[in-house]
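Comments concern the structure below.
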Amino acid sequence: MKFGITTSKIDEIGLITHAENLGYDFCWVTDSPMLRSNPWAVLALAAQATRRIRLGTGVAVPGLRLAPVAANGIATINRLAPGRVFMGLGTGNTAMRTLGGRPARVAEFAEYIRVVRALLRGEEVEYELDGERQPIRFQNPDLGYLDLEAEIPLHIGGFGPRAQALAGELGDGLITGIPRGGTIPEALANVRRGAARAGRDLADFQVTALVNLLLLQPGETLETERIVAACGSAVMANVHFLVDRIRENGGEPPDYVKPIWHDYLAFHAARDARTRHQALHQSHYTYLDPEETRFVTPEIIRAFCLAGQPEEIVERLSDLEAQGLDAINFIAPLDRQYRMIEDLAERVIARV
């Protein structure tokens with residue numbers, strides 16, 4: 001099992017170097033312009049400040065830039081840290097919602113991946129821009145503006161069956177979530193379906209999950225103020241995602257969110273309609289909105305989090321690894337990042 005952290009704050013590169021020293025394997029830098037620092041600037045600084053830890057986007061969003069621009073961005077970072085760079089790509093729920101838009105559709109996401117993948121392999125690819133389709137490629141790669149020699153794996157974000165199948169068809173890995181993306185066996189079944197469609201071998205395929213980790217202190221319960229503060233922003237980020245998805249696609253919410261679902265919808269509906277899309281995601285994986293604290297109940301924490309004493313977490317991770325999970329990542333609240341990565345390294349990673 002590999003372990004990662006997530007960050008995107010331009011003046012806290014020290015968090016990444018500290019994680020590297022603690023033994024973490026990789027770092028995601030998020031891509032959300034209304035909420036976070038620019039990912040390419042953060043990755044560039046991180047590449048020059050680290051030596052071992054793998055670095056990449058978690059995840060880059062198609063709606064924010066042209067596919068060739070995204071490929072150029074990660075290939076430029078690869079010039080600074082060759083062989084340590086990967087690219088996570090996702091449809092962009094939060095990034096696009098905070099702009100008043102929607103995530104990429106699966107078909108346009110597939111086309112975006114196709115172009116990025118070909119360019120990063122040094123190939124010429126047909127690309128459509130302004131209604132015209134032309135062949136494009138990176139020109140003069142030997143001049144050193146970017147690095148295409150060291151492989152840049154593509155990890156595809158997928159929480160639903162179609163996107164997970166797309167990862168198997170076009171990606172080198174899947175980024176999913178627990179519990180949002182279903183069980184690991186369910187996700188892998190979708191991945192294999194996509195791989196079969198493309199006639200691909202999944203021998204080196206990697207499955208990574210974004211999880212909400214919650215390490216309890218001896219004798220601690222889920223009702224304590226510390227626990228709510230530690231996991232509340234992550235729990236509510238998952239609720240926010242479901243609000244958008246179900247509003248647009250219909251259907252019933254998952255069982256694990258039903259205890260608070262109708263109360264939360266009523267709370268959200270009372271917000272100013274003009275800025276509701278901003279309010280829903282403003283606290284995204286950063287802090288717990290005080291008005292939403294009442295929704296972070298012990299029942300909801302148990303549903304959304306891997307919670308328990310270190311030995312319980314280690315046992316759960318072992319089970320997930322046996323199911324096919326290769327790596328996990330988590331997003332700590334902004335004011336608890338250092339404390340949480342140190343706690344996890346000392347109490348869990350050291351035991352795995």
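For a paramagnetic label modelled on Arg351 (point 7 Å from Cα along Cα→Cβ), amide N atoms under 15 Å away belong, within the range 281-309, to 306-309.
Under a Gaussian network description of the chain, with springs only between Cα atoms under 10 Å, the residue in Asp204, Asp335, Asp319 that fluctuates furthest is Asp204. Other residues with beta-carbon under 14 Å from the beta-carbon of Ile5 carry, at +1 per Lys or Arg and -1 per Asp or Glu, a net charge of +1. Each 10 Å bin from zero up to the one holding the largest Cα-Cα distance in the range 194-351 carries the following percent of pairs: 9, 34, 32, 19, 6, 0.
Between 0 and 90 degrees, rounded to the nearest ten: what's the tilt of helix 184-198 against the longest Cα principal axis of the chain? Here the helix axis deviates by roughly 20 degrees. Separation of the range 137-193 and the range 249-310, taken as the distance between their Cα centroids, equals 28 angstrom.
Amide H to amide H, with H built 1.01 Å from N, Ile10 comes under 5 Å of Ser37, counting only residues 5 or more places away or on other chains.
Once a ≥ b ≥ c are taken as the square roots of the eigenvalues of the Cα gyration tensor of the range 209-287, is the result rounded (a/c under 1.5), prolate (a/b larger than b/c) or oblate (a/b not larger than b/c)? Judged from the Cα gyration tensor, the range 209-287 comes out prolate (a/c at least 1.5, a/b above b/c). Determine, at each q value in 0.13, 0.16, 0.19, 0.25 (inverse angstroms), the log₁₀ of I(q)/I(0) that the Debye formula gives when each Cα of the range 285-345 is one equal point scatterer. So the normalised log intensities are -0.46, -0.69, -0.94, -1.25.
Net charge near Ile300: determine it from the other residues with C-beta under 13 Å of the C-beta of Ile300, scoring Lys and Arg +1 and Asp and Glu -1. Here the count lands on -2. Take the Cα of Asp335, step 7 Å toward its Cβ, do the same at Thr224, and the gap between the two points is 1.7 nm. What FRET efficiency comes out for Arg52 versus Phe267 if R0 is 45 angstrom and r is the Cβ-Cβ distance? Round to the nearest 0.05. Computed FRET efficiency for Arg52 and Phe267 comes out at 0.50.
I want the local charge near Ala165. Using Cβ-Cβ distances under 14 Å, sum +1 for each Lys or Arg and -1 for each Asp or Glu among the other residues.
Details: positive: Arg162, Arg192, Arg193, Arg197, Arg200; negative: Glu169, Glu186.
Charge balance in the 14 Å sphere: +3.
The angle separating the long axis of helix 13-22 from the principal Cα axis of greatest extent in the chain is about 80 degrees. Provide the convex hull volume over Cα atoms per residue for the chain, in Å³. Measuring per residue, one finds 138 Å³ for the Cα hull of the chain.
Rounded to the nearest 20, the Cβ-based charge dipole of the chain about its Cα centre (Lys and Arg +1, Asp and Glu -1) stands at 440 debye. Computed from Cα atoms, the angle from the helix 39-49 axis to the main principal axis of the chain rounds to 90 degrees. How high is the relative contact order of the chain? Use alpha-carbon pairs under 8 Å, at least six apart in sequence, and give a whole percent. Worked out over the chain, it gives 17 percent. For Glu312 and Ala189, the FRET efficiency from 1/(1 + (r/R0)^6), where r spans their Cβ atoms and R0 equals 30 Å, is about 0.65.
The amide H of Val85, built 1.01 Å from its N in the peptide plane, has Leu55 as neighbours under 5 Å, considering only residues 5 or more places off or on other chains.
Bear in mind these aren't lab numbers, they're just calculated from the coordinates by the rules spelled out. No experiment lies behind these values; they were computed from the predicted model shown. Neighbour counts are summed over all protein chains in view; Cβ atoms, including those assigned to glycine, are modelled from backbone coordinates with ideal geometry.
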